[in-house]
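> Quick one: structure below, then a few questions.
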């Protein structure tokens with residue numbers, strides 16, 4: 001049985017921090033998308049994905065994250081990532097996620113950017 | 001354009017179409033058009049599905065109020081096709097949407113059935129379809145761009161792993177890195193790395209689920225070596241790709257991944273995936289080989305440090321010089337075959353001016369022999385003390401050494417005691433080479449064995465020998481490394497040659513006798529390396 005991605009959401013007004021734990025693959029990506037779109041429906045347009053509990057993301061997971069970013073752009077929302085492993089951060093840069101979503105070393109600086 | 005269809009679209013709908021924003025995303029545009037389509041055909045909800053790889057994925061929808069959601073994907077749906085009446089279309093399931101096949105996908109609708117026969121070809125539907133097609137095209141281009149970029153991720157991954165291998169010998173970290181990279185780049189759900197131990201492969205690490213703890217691969221097929229791994233290597237997976245980790249053809253492990261993901265589920269791995277995994281398996285092989293060599297080097301350094309320590313301890317045990325005994329010349333010399341040897345000699349001053357001279361030879365070589373030498377040294381001092389040597393003392397020593405050492409270890413020993421005032425030599429020979437006493441007139445007497453080597457049996461008896469020493473008499477105690485030194489053809493130096501040399505050189509200073517023996521031995525063995533430790537103790541009465 002494959003281990004599933006675990007998520008924890010910390011809602012702070014119109015901003016939410018989603019903490020991931022595990023593999024962001026197809027299943028994990030869909031789960032993040034479900035939570036993100038629900039938050040959007042609930043007027044939460046600023047989203048921080050804290051990936052401190054994730055060591056590995058595959059291409060399916062990345063494509064789903066790109067879709068989430070596109071959706072955020074459509075609704076004039078903001079999305080950021082923080083606490084990425086060097087490998088994941090490099091992958092996000094190569095795949096272009098960094099062009100449309102902020103990437104930060106720690107949660108504090110990410111929150112600071114999202115709140116401005 | 002069908003005039004009937006044109007007349008079916010009211011002017012206000014066309015105006016609304018014109019008011020739509022065409023600057024935003026296709027999704028937003030499709031939702032807006034779907035809303036118009038839904039309202040025009042008086043449905044509760046309408047949706048667009050895009051077809052890809054035989055699956056239909058929901059791309060946009062528009063629903064009124066409490067209208068049910070459209071399913072996110074459809075597999076093998078039955079839709080009204082070109083020429084069919086949409087009114088006859090059957091719902092996908094009870095309460096489910098009805099479907100109309102259009103180029104590139106499906107239009108689905110729920111609720112009041114106002115979709116007429118004009119719907120498939122009316123401009124509103126055609127507009128929706130054209131937006132869907134452009135969306136499809138854009139998605140394909142995005143996918144191609146995504147795939148091209150992802151090749152970059154693969155190359156970077158291989159580069160990064162290569163760098164990591166070159167910069168660290170931490171096998172744990174490297175193994176983890178190789179496995180995670182392989183799993184993520186192949187879009188696998190699971191992965192495992194096995195390392196070879198003998199004929200079996202043991203699980204080193206796994207990701208995403210359980211794996212077999214170990215397995216023994218089949219290796220023979222049609223006379224050629226071919227590795228086959230168990231089908232249930234990663235239990236629960238439907239598709240497995242496992243490749244050997246080989247260094248110069250020598251198998252070191254297995255790298256396996258399971259269940260290649262797509263947006264629709266899992267599927268088999270491709271030939272391209274096999275090539276990618278092979279690249280990571282090669283990286284893993286290099287990492288394993290580097291780590292193995294490093295471990296070997298560390299072990300070699302550790303052994304060298306231990307050997308040096310043992311050699312130092314042994315140097316401290318062996319006498320640094322010869323004691324002074326009035327009326328006698330004394331000399332002891334030992335040369336180990338390796339850094340640490342099993343030969344032993346000692347001078348121990350006793351009460352009343354007596355001197356104990358001991359020569360011994362421990363079975364084996366290297367550190368184990370050196371450790372037994374150390375045990376012997378302390379045992380001789382403690383057990384024999386200053387008592388005159390005799391069979392009873394040797395029996396006690398024998399019991400102690402037998403209890404203290406491994407079953408197959410024993411020591412040949414010759415313990416001699418010189419009483420310089422009486423000019424007598426008392427000795428016990430426990431299985432050692434016979435000592436030689438070269439008289440001043442050139443005759444030779446032997447200090448023959450009087451018992452078994454110490455440590456061989458739990459109980460042993462020993463006989464004591466004694467001889468008087470005349471002026472000029474030369475006593476030689478030695479180890480078999482001297483008499484058993486051999487030519488390349490296997491001929492041994494032997495006792496005869498030793499006796500002849502001692503008789504010939506008996507009047508020369510003791511260091512010269514040793515040098516002469518060394519030179520003769522070197523000539524005798526030619527280029528053969530020293531096979532055993534060589535020890536020589538010389539004692540001569542030099543008073544008149």
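> For the protein assembly as shown, what is the largest minus smallest coordinate of the Cα atoms on each principal axis, given in angstrom and ordered from greatest to least?
Principal-axis extents of the protein assembly as shown (Cα, largest first): 148, 62, 42 Å.
> Right, here's the next one. Where the centre of each part is set by its Cα atoms, how far does segment A:32-105 sit from segment B:505-540, in angstrom?
So the separation of the two Cα centres works out to 83 Å.
> Using only DSSP helix segments of four residues or longer, with each worth -39500 (n - 2.57), what per-residue ellipticity at 222 nm results for chain A after dividing by its residue count and rounding to 500? Mind showing how you got there, number by number?
Details: 5 runs with 54 residues, N = 116.
Theoretical 222 nm ellipticity from helices: -14000 deg cm²/dmol.
> With a Förster radius of 35 Å, plug the Cβ-Cβ distance of residue B:216 and residue B:72 into 1/(1 + (r/R0)^6) and report the FRET value to the nearest 0.05.
Values: r = 45 Å, r/R0 = 1.29.
Plugging the Cβ-Cβ distance into 1/(1 + (r/R0)^6) gives 0.20.
> Also, I was wondering about something else. Between residue B:15 and residue A:90, with labels modelled 7 Å along Cα→Cβ, what's the label distance in nm to one decimal, could you check?
6.0 nm
> Per residue, what volume in Å³ does the convex hull of the Cα atoms of segment B:122-267 enclose? It would help to have the intermediate numbers written out before the result.
Working: hull volume 23.6 nm³, N = 146.
Convex hull of Cα atoms, per residue: 162 Å³.
> To the nearest 10 degrees, how steeply does helix B:510-525 sit against the main Cα axis of chain B, on a 0 to 90 scale?
50 degrees
> Of the beta bridges DSSP finds with both residues in segment A:6-115, what % are antiparallel, to the nearest 5?
On the way: 7 of 22 bridges.
Bridges in segment A:6-115 that DSSP calls antiparallel: roughly 30 percent.
> I would also like to ask the following. So the label point goes 7 Å from the Cα of residue A:21 along Cα→C-beta, right? Which residues of segment A:39-69 then have their backbone N under 12 Å from it?
Those under the cut-off are A:52-54.
> Next up: With Kirkwood's inverse mean 1/r over C-alpha pairs for Rh, give me the Rg to Rh ratio of chain B, two decimals please.
On the way: Rg = 46.8 Å, Rh = 32.4 Å.
Using Cα coordinates only, the ratio equals 1.45.
> Relative contact order for segment B:460-544 using alpha-carbon pairs under 8 Å, separation at least 6, rounded to a whole percent? Spell out each step's value before the answer.
On the way: 87 pairs, mean separation 44.0, N = 85.
Once divided by the residue count of segment B:460-544, the mean separation gives 52 percent.
> Let me ask you something else. Based solely on its DSSP helices, what 222 nm [θ] is calculated for chain B when runs of n ≥ 4 H residues each add -39,500 (n - 2.57) and the sum is averaged over all residues, nearest 500 deg cm²/dmol?
Numbers: 11 runs with 197 residues, N = 544.
It comes out at -12500 deg cm²/dmol, rounded to the nearest 500.
> With a 10 Å Cβ neighbour count serving as the proxy for reagent exposure, in which order, fewest first, do B:215, B:207 appear? Working shown, then result.
Numbers: B:215 18, B:207 25.
The most exposed by this proxy come first: B:215, B:207.
> According to a simple spin-label model (label point 7 Å from Cα along Cα-to-Cβ), what is the distance in nm between residue A:43 and residue B:508?
With each label point 7 Å from Cα toward Cβ, the separation is 11.2 nm.
> Relative contact order (percent) for chain B, with alpha-carbon contacts under 8 angstrom and 6 or more residues of separation?
Numbers: 1007 pairs, mean separation 46.2, N = 544.
Relative CO of chain B lands at 9 percent.
> With just the Cα atoms defining each centre, how far is segment B:335-407 from segment B:53-79? Give it in Å.
Cα centres, segment B:335-407 to segment B:53-79: 93 Å.
> Now for a different question. Among DSSP beta bridges whose residues both lie in the protein assembly as shown, state the antiparallel percentage, nearest 5. Don't skip to the answer; put the middle values down first.
Working: 107 of 124 bridges.
Of those bridges, close to 85 percent are antiparallel.
> Grab the Cα-Cα distance for residue B:381 and residue B:166, subtract it from 0.36 nm times how many residues apart they are, and report the gain in nm with one decimal. Present the calculation step by step, with values, prior to reporting the outcome.
Working: separation 215, 0.36 × 215 = 77.40 nm, distance 5.49 nm.
Separation in residues times 0.36 nm, less the Cα-Cα distance, equals 71.9 nm.
> Evaluate the distance, in nm, between pseudo-label points positioned 7 Å from the Cα of residue B:250 and of residue B:392 along their respective Cα→Cβ axes.
Result for the modelled spin labels: 6.1 nm.
> Using only the alpha-carbon atoms, how far is helix B:26-40 inclined from the longest principal axis of chain B? Give it as 0 to 90 degrees, nearest 10.
Here the helix axis deviates by roughly 30 degrees.
> Residue B:134 to residue B:173: FRET efficiency via 1/(1 + (r/R0)^6), r the Cβ-Cβ distance, R0 41 Å, to the nearest 0.05?
The computed FRET efficiency comes out at 0.30.
Where a number appears in this text, it was derived from the coordinates with a stated rule and is not lab data. Please read these numbers as outputs of a predicted model, since none were measured by experiment. Cβ coordinates were reconstructed from backbone atoms using ideal geometry, including for glycine residues, and neighbour counts include every protein chain displayed.
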